Amino acid sequence: LTLFPSPFPRLVGVELEPSAIRDAWENAARNFDAEKLRDDAVTFIAAKAEDALPKLLRDRQGGGRAVAIVDPPRSGIHHKVVSALHANREIDRLVYVSCNVETLVDNAVRLCSGEKGFVPVGCLALDLFPGTVHVEAVVVFERKKE
């Protein structure tokens, strides 16, 4: 998961794979000025999203509006991640990148449920693997209005 508070002065990425964390730091060095990197405006956490995200989102309560981007494995996002996203009302937009449309549908039902849920507002299917049945889907959700 990557978390961008509006208007994006801070970036927090959570990734299980250490090589992906190294790649993220290389990309951050190319895309952020050195001052932001020194001021902890960019942080990457090597952990399972379901282990790191609930505490991360609780700790940032009061930090202002945020956009969350999730790019889960084929199995979809963990129920703890859904709960954490529901609980943090400052996340007003969620971008879900999916490599498995079936788990996307299951996750979308859970993300959209309840008063604290989200509403899908846009979807894009990308055929990154021509000649196969696999597609990437990007769905943008917005928080339900109170």
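Structural remarks
- Checking (i) 56, 16, 11; (ii) 32, 18, 13; (iii) 24, 21, 14 against semi-axes √(5λ) of the Cα gyration tensor in Å calculated from these atoms, the matching label is (iii).
- Charged-residue dipole, Cβ positions (Lys, Arg, Asp, Glu), the chain about Cα centre, Debye nearest 20: 480
- Backbone amide hydrogens, once placed in the peptide plane, bring Phe44 within less than 5 Å of Gly13, excluding anything fewer than 5 places away on its chain.
- The stretch 6-146 - percent relative contact order, Cα under 8 Å, separation 6 or more: 20
- Estimated [θ] at 222 nm from DSSP helical runs (n ≥ 4, -39500 (n - 2.57)) normalised by residues in the chain, nearest 500: -10500 deg cm²/dmol
- Distant-in-sequence amide H partners of Ala66 (H built 1.01 Å from N, under 5 Å): Ser6, Ile91, Asp92, Arg93
- Table column - 3J(HN,Hα) (Hz), the stretch 129-135, Karplus curve with 6.51, -1.76, 1.60, x for Gly and Pro: 10, x, x, 10, 8, 7, 9
- The fraction of accessible area contributed by carbon and sulfur in the stretch 72-135 is 64 percent, rounded to a whole number (1.4 Å probe; ligands and nucleic acids excluded).
- In order along the stretch 111-117, phi translates into HN-Hα couplings of 5, 8, 7, x, 5, 8, x Hz, rounded to whole numbers, per the Karplus curve 6.51 cos²θ - 1.76 cosθ + 1.60 with θ = phi - 60° and x for Gly and Pro.
- Beyond 23 Å in Cα-Cα separation lie the following of the pairs Lys48/Lys145; Lys48/Lys144; Lys55/Lys116: Lys48/Lys145; Lys48/Lys144.
The values are calculated or read from the model by the stated rules, or taken from the named source; none is laboratory data. It should be emphasised that the depicted structure is a prediction, and the values quoted were computed from it without experimental measurement. With ideal geometry, Cβ positions are generated from the backbone for all residues, glycine too; neighbour counts draw on all protein chains shown. Ligands, DNA and RNA are stripped out before the accessible areas are found, and what is left, the full protein with its side chains, is counted by its heavy atoms. Shrake-Rupley method; radii C 1.70, N 1.55, O 1.52, S 1.80 Å.
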